[in-house]
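Comments concern the structure below.
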Amino acid sequence: MKRYNLKKGKRYTFFSVIVIGIVTVMLLSVVYYNSLKQIVDKPFNDFKVLTIKEAFENAFKNVSIQPSGFGIVNITGMDEMNNVYTAKVTKEGLLSISINNENVPNPEELYREIYAKAFYNLILTKPIADYESSDPKNVLNYIRNVSYDYFQENDREYISLIGKDENGNTVQIIYNIAKVDGKLRIVPDKVFVNNKLLNSTEKRIFLAKVYKKSVDRDLIEVVKNSFLKEYPYESIEQVLSKVNNARWTIKDENRKMVEFNGMDNIDNKEVVITIGFRINEDGETVVEYAQLNGQDVEAGDIPYLISYLYSRYSSIDKNRDIERYKQIIFSTKVPNSTKTFGEFFTQYVKNDKWDIQYATNNVKLLVTAETASNDKVYMEFLFTKGGIYLSKAMLNNVEQKFDELTSKIFTAGTIQQTGPVAQTTSPEGVEKIEKIKSGKIVKYSSFANNEEAFKSYLRNLSWSYDAQKDRVVLTGVGKYGTKNWNFKFVFDLYFGREPVLEDMFMDGINVIDEVSDYIISKIFKVDTLGSNVVELVKNTVFTFRTYEEILGPIGWEIDRANDRVVYTSDNLKMNFAVEPAGQVKVVQVLYKGQDWTTRSYEILKTLENGGNLASLEQSPQKTQEAKKEPVKPATEQPVEQPSKPQLEQNQEEIPETQQYGQF
């Protein structure tokens, strides 16, 4: 047999060719594979921040990429329920998605859900801007029952986180996610609490609380740059820096308290002013205490001291303050009448002009008007910690007893009103009205949209668009407490898409947040929203102590059927009504099952002074009429006492003891 042998050199050459060929094929395969990978290393359509690969990697587990024919790549991932999602992407950018090998009919809509899930996971895994040392998951310790939504606005991409805090408040945090120099940056853009947009300082403190970041190191700066709730247009520093010898010190780091000291000339005397500010649990800066020349200012006088300083050292919006105090006046009954001052000024006088004067312990509203018979009317309303007082009344420049003045005005008759001219709503207005109707201001409500919810509560609904203010307005009649009110809701569109309730009015009265939240909770049937109305009553001052201090912290609840806050103990039950502008009234008192409503002031005063109700059991009940005092002109006579039920009540209503809350 003849054997053929390759020469050594040729043999090595042959094997080298085979190895090179194999390596070349492998390199070409790698190049081809990498070229396919680039297909999913690109964004899909308008989802610009994350690539398809990044979206899958942040939304799913066990992500893998496999070539699938020429110019096609599959990317696969698994969700928490072990469902397998497979996206088939072509080099032309076409995309199809299957779940467990079943193709979905609308892959773009499903990809949006995957993308939103990726954004949601990012805010829980990557530190947000300015909170790099904090655990991103802290937000889930603060907000419960979280849901999320992805949206785009002005070529920017956002994820909105919505849930409830431990007190039942609705919290919404909107994050912007972008790429800066190839790196992801997550910025909390907006924060809403019960649909109220927090300002920059409130947001900063709120996020510090959520993400457990300390603000002690710059506590003074945070307080100085804050805005008091009633004065949102100028920071605290902008106002108080103008006071002579202004000084700031940290009073209590643990309680986040800062003290301000300065000098002012009050009533031609040099006075040392001391104000203690505290950052509360909601991130708001509030006034904790105040002193004048080292003497404590009573809690009820503090709001007047603050308004005095703002009127003196800032460009305070006097018209806003006038409107705020007018609302309180309008919801108060005219002495010796069943009508309110709101009805008085809208139906019986015209051309009313209002002015305001500030002092360290009161505010005075001055009003001139004309009757239906063109007589000139002048009145002064004095606001103090004790309530509202009519300090002066004049008709045609002659001082009058108030009951005589009102008798003449009512005799003159009502003012003839002209109806509004109907206007055609613009296409833009129609579009915005539809967005408000179809949206939901309460995410967790069982109602499908705002229109459905408000229809269940209001009669005679009317939707309109205010082009001048760029707002959508809803009006209608609804019941609150024992009467029907004319409601007005003013809506805005956040980012042009999210409906937000901006203001609520009842019979022309601007409704405070606590009452607004409660009414919205009734409309949308989400009870947790309205719980703050209980805190409002508990924190309202009777004469020098709050109702919670008088009655105790336990036994409070809401009677939603009658729109009342109820306090109950073994022997005592009290029903409180909260008016739209925030006035708190005792409307019923039961003691050991007996109706002691007419003795409500006596009961509360006894308890406030540390007494026992057993001491009142032997004394005869005093009737409401026996407690009344005649109205005296121009002697600071109360329009309606904050504590004593001295004014005539509507005979169809339960006698009430009115108590005003601090603003």
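Numbers at a glance
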| quantity | calculated |
| --- | --- |
| Length released on extending from Glu92 to Ser373, taking residue separation times 0.36 nm less the Cα-Cα span | 93.1 nm |
| Sequence-distant lysines (8 or more away, or on other chains) whose Cα lies within less than 17 Å of Lys88 | Lys37, Lys42, Lys53 |
| Segments 261-271, 336-346 sorted - mean Cβ within 10 Å per residue, highest first | 336-346, 261-271 |
| Histogram of C-alpha separations across segment 194-345, 10 Å bin width, % | 10, 34, 31, 17, 7, 1 |
| Intensity falloff of segment 351-411 expressed as log10 I(q)/I(0), Debye formula with alpha-carbon point scatterers, at q = 0.12, 0.16, 0.23 Å⁻¹ | -0.31, -0.53, -0.93 |
| Accessible surface ranking that places the most exposed of Glu431, Glu54, Glu202 first, with a 1.4 angstrom probe | Glu431, Glu54, Glu202 |
| Within-11-Å neighbourhood charge of Lys592 [Cβ basis; K, R +1; D, E -1] | -2 |
| Links that overshoot a 22 Å alpha carbon limit, given the list Lys137/Lys440; Lys326/Lys488; Lys203/Lys538; Lys229/Lys339; Lys435/Lys455 | Lys137/Lys440; Lys203/Lys538; Lys229/Lys339 |
| Spin-label pair Lys479/Asn397, simplified geometry with 7 Å Cα→Cβ offset, distance in nm | 5.2 |
| Charge dipole (segment 180-320, unit charges on Cβ, about Cα centre) - positive-most of Ser311, Pro188, Asn268 | Pro188 |
| Reduced Cα scattering model of segment 71-124, Debye log10 I(q)/I(0), q = 0.26, 0.28 Å⁻¹ | -1.12, -1.20 |
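The values are calculated or read from the model by the stated rules, or taken from the named source; none is laboratory data. In this text the structure is predicted, and so the values were computed from the model without any measurement. Note that each Cβ is placed from the backbone with ideal geometry, even for glycine, and that neighbours are counted across all protein chains shown. Heavy atoms of the whole protein, side chains included, go into the accessibility calculation; ligands, DNA and RNA do not. Shrake-Rupley method; radii C 1.70, N 1.55, O 1.52, S 1.80 Å.
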